[in-house]
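Asker: Take this structure, written in structure tokens, and hold onto it; I'll ask about it next.
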Amino acid sequence: MQDHEKRARTEALFRDVNERIAESAERFDADETEFVCECADPNCTHRVAASLAEYEDVRGDPTTFLVVPGHEESDIERVVSDRGRFRIVEKFQAVVRRTVVRLDPRGQAPSES
Ligand SMILES: [Zn+2]
């Protein structure tokens, strides 16, 4: 479904923004910084305070994303961790999963057959 791909692309775009934010935070030796919410709403401007270690937890898996509590969308993702200030969601919807894995900025090659 095209709508699913569109939402996945939006989330992947926010993920790219956060990769940049994490890079500059590292450069300035910051332990904690403000990331953007990685939900599927292209107009979302919410910020999420998280440590770089927490961010790495999320980014270690190409199918997990960081969102403001309440921004998760239950038809495409499930909450796997609630950290209070933010939630970690895992994509389970097939098209969304495939899209976010394909667009993973860290290039973790999916083992798709
Ligand atoms: Zn959001």
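Asker: Given the residues Glu19, Glu26, which is the only one that is within 15 Å of the chain's Cα centre (by Cα) and charged (D, E, K, R)?
Answerer: From the options Glu19, Glu26, the qualifying one is Glu19.
Asker: Here's another thing I want to ask about it. Kindly provide the set of residues from the range 32-66 that are away from the ligand (no atom under 13 Å from the Cβ) and among the aliphatic types (A, V, I, L, M), ordered by number.
Answerer: Selection gives Ala49, Ala50, Leu52, Ala53, Val58.
Asker: Next up: State which residue is nearest to the ligand (Cβ to nearest atom) when the search covers only the range 13-31 and only residues that are of a type in the set (A, V, I, L, M, F, W, C) and assigned to a loop (DSSP other than H, G, I, E, B).
Answerer: Checking each candidate, the answer is Ala30.
Results for (1) open to solvent by less than 30 Å² (accessible area, probe 1.4 Å); (2) under 18 Å from Phe92 (Cβ atoms); (3) part of a strand (DSSP E or B); (4) at pLDDT below 95, shown as yes or no for each residue.
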{"position": "Thr33", "(1), (2), (3), (4)": "no, no, yes, no"}
{"position": "Glu38", "(1), (2), (3), (4)": "yes, yes, no, no"}
{"position": "Cys44", "(1), (2), (3), (4)": "yes, no, no, no"}
{"position": "Val58", "(1), (2), (3), (4)": "yes, yes, no, no"}
{"position": "Leu66", "(1), (2), (3), (4)": "yes, yes, yes, no"}
{"position": "Glu72", "(1), (2), (3), (4)": "no, yes, no, no"}
{"position": "Arg78", "(1), (2), (3), (4)": "no, yes, yes, no"}
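Asker: Restricting the first residue to the range 1-24 and requiring it to be on the phi < 0 side of the Ramachandran plot, which pairs with a second residue that is among the acidic types (Asp, Glu) and not in a helix (DSSP H, G or I) meet a Cβ separation below 7 Å and a spacing of at least six or different chains?
Answerer: Close Cβ pairs (under 7 Å, with a partner that is among the acidic types (Asp, Glu) and not in a helix (DSSP H, G or I)) amount to Glu11/Glu38; Phe14/Glu38; Arg15/Glu38; Asn18/Glu38.
The values are calculated or read from the model by the stated rules, or taken from the named source; none is laboratory data. Being a predicted model, the structure only gives us computed values, none of them experimental. FYI the Cβ positions are ideal-geometry reconstructions off the backbone, even for glycines, and counts take in every protein chain you see. For the accessible areas, the whole protein counts, side chains as well, though only heavy atoms, and no ligand, DNA or RNA atoms are used. Shrake-Rupley method; radii C 1.70, N 1.55, O 1.52, S 1.80 Å.
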